[in-house]
1. Could you list, in sequence order, all residues of the range 190-205 that are among the hydrophobic types (A, V, I, L, M, F, W, C) and over 13 Å from residue 226 (Cβ atoms)?
2. Please determine, by comparing only the residues of the range 141-151 that are part of a strand (DSSP E or B) and surrounded by fewer than 22 Cβ atoms within 10 Å (Cβ to Cβ), which one is nearest to the chain's Cα centre (by Cα).
3. Inspect all residues belonging to the range 153-161 and state whether any of them is assigned to a loop (DSSP other than H, G, I, E, B), modelled with pLDDT under 80 and either outside the structural domain of residue 223 (by TED's automatic domain parsing) or within 22 Å of residue 20 (Cβ to Cβ) (or both).
4. Criterion first (surrounded by 19 or more Cβ atoms within 10 Å (Cβ to Cβ) and either over 12 Å from the mean Cα position of the chain (by Cα) or closer than 20 Å to residue 129 by Cα (or both)) does residue 226 satisfy it?
5. Considering only residues that are surrounded by 11 or more Cβ atoms within 10 Å (Cβ to Cβ), farther than 26 Å from residue 108 by Cα and among the small types (Gly, Ala, Ser), look in the range 15-67 and name the one that is modelled with the lowest pLDDT.
6. If you scan the range 94-112, which residues turn out to be surrounded by 14 or more Cβ atoms within 10 Å (Cβ to Cβ) and at pLDDT below 75?
7. For the range 117-131, which residues satisfy the criterion of being farther than 13 Å from residue 180 by Cα and either in a helix (DSSP H, G or I) or in contact with a Leu (Cβ under 6 Å, 6 or more places away or on another chain) (or both)?
Amino acid sequence: MNDFNMNHEAPRRAVNSTLLIVGIGMVILGCLLALENLTSFAVGHRVDRYWPLIIVAIGVVKIIENKFRGYGGWIITIVGLLIFASTMQGRSIGHLVGPAILVAVGVFVVQIAQKRHRKVPIALQRSGDFARGTAILGGYKYKPNGGQFSGGEITAIFGGFEMDLRQTTMKHDTVRIDVFCMMGGGEILVPGGWEVSIQAQAIVGAVEDKTIALPTTDATRPKLLITGFALFGGVVVK
């Protein structure tokens with residue numbers, strides 16, 4: 001048994017990692033710079049300069065329809081934004097290269113910080129009943145057909161995820177899922193009878209337990225511990 005699974009009293013995640021703070025700052029700064037470049041145009045532009053927004057709208061609709069999973073909607077949206085940027089007077093796609101690089105480096109730094117913080121044992125990482133998911137500008141879906149579940153780690157940045165654990169059983173009395181969501185989020189579906197404990201932090205977001213509490217005094221029922229951090233995003237357990 002390892003600490004990742006069996007830490008019943010895992011502390012709430014404090015955003016005190018310098019590396020993590022630097023990564024988050026780079027991503028936010030890159031987004032702000034990109035937004036500034038995309039919105040710095042005169043009101044008097046002709047209507048034909050706005051047609052790329054139709055592509056953006058189609059992409060956003062697809063993202064919502066797919067519940068933030070998959071790459072199609074995200075790709076369409078990004079392409080639409082790039083075309084829109086190139087149609088602005090005095091602007092070009094080149095103006096977005098710098099912010100895009102900054103965001104990419106920030107995401108990479110965040111991933112390194114997450115790996116150092118979680119310290120998941122190699123044996124557990126390679127286990128078939130441990131979920132490791134990353135959703136960056138896309139989606140991640142985990143739905144095992146039966147079997148045991150020993151925990152997981154999920155990272156969602158500009159993307160979404162769905163974990164369906166309703167057909168699984170816990171390998172230990174307590175298992176933990178550590179999540180990190182930034183401008184993204186997802187949902188975790190659990191079987192009836194599992195006890196859910198939320199020990200995650202959220203800033204301009206939420207990590208919620210929407211399961212139905214069963215009237216039972218059984219102290220041995222499986223316990224799912226949710227730790228992590230959500231920034232401009234959220235996680236729902238139901």
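The values are calculated or read from the model by the stated rules, or taken from the named source; none is laboratory data. For clarity, every value in this text was computed on a predicted model and none was experimentally measured. Virtual Cβ from ideal backbone geometry, glycine too; neighbours counted across all protein chains shown.
1. So the first thing to find is which residues in the range 190-205 are among the hydrophobic types (A, V, I, L, M, F, W, C), and the list is 190, 194, 196, 198, 200, 202-204.
Within the range 190-205, 203, 204 qualify.
2. Looking only at the range 141-151, we keep the residues that are part of a strand (DSSP E or B), and these are 141-142, 148-149.
Add one more test, that the residue is surrounded by fewer than 22 Cβ atoms within 10 Å (Cβ to Cβ), and what stays is 141-142, 148.
On the way: 141: 12, 142: 14, 148: 24 Å.
Among those that are part of a strand (DSSP E or B) and surrounded by fewer than 22 Cβ atoms within 10 Å (Cβ to Cβ), it is 141.
3. Taking the range 153-161 first, the residues assigned to a loop (DSSP other than H, G, I, E, B) are 158-159.
Next, only the ones that are modelled with pLDDT under 80 stay: none.
No, there is no match, as no residue in the range 153-161 is assigned to a loop (DSSP other than H, G, I, E, B), modelled with pLDDT under 80 and either outside the structural domain of residue 223 (by TED's automatic domain parsing) or within 22 Å of residue 20 (Cβ to Cβ) (or both).
4. Values: surrounded by 19 or more Cβ atoms within 10 Å (Cβ to Cβ): yes; either over 12 Å from the mean Cα position of the chain (by Cα) or closer than 20 Å to residue 129 by Cα (or both): yes.
It is true that residue 226 is surrounded by 19 or more Cβ atoms within 10 Å (Cβ to Cβ) and either over 12 Å from the mean Cα position of the chain (by Cα) or closer than 20 Å to residue 129 by Cα (or both).
5. If we take residues in the range 15-67 being surrounded by 11 or more Cβ atoms within 10 Å (Cβ to Cβ), farther than 26 Å from residue 108 by Cα and among the small types (Gly, Ala, Ser), then 40 is modelled with the lowest pLDDT.
6. Correct list: 95, 96.
7. Let us first name the residues in the range 117-131 that are farther than 13 Å from residue 180 by Cα, namely 119-131.
Matches in the range 117-131: 122, 123, 124, 125, 130.
Residues checked against (1) under 20 Å from residue 161 (Cα atoms); (2) surrounded by 18 or more Cβ atoms within 10 Å (Cβ to Cβ); (3) of a type outside the set (A, V, I, L, M):
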residue	(1), (2), (3)
176	yes, yes, yes
185	yes, yes, yes
195	no, yes, yes
203	yes, no, no
211	yes, yes, yes
234	yes, yes, yes
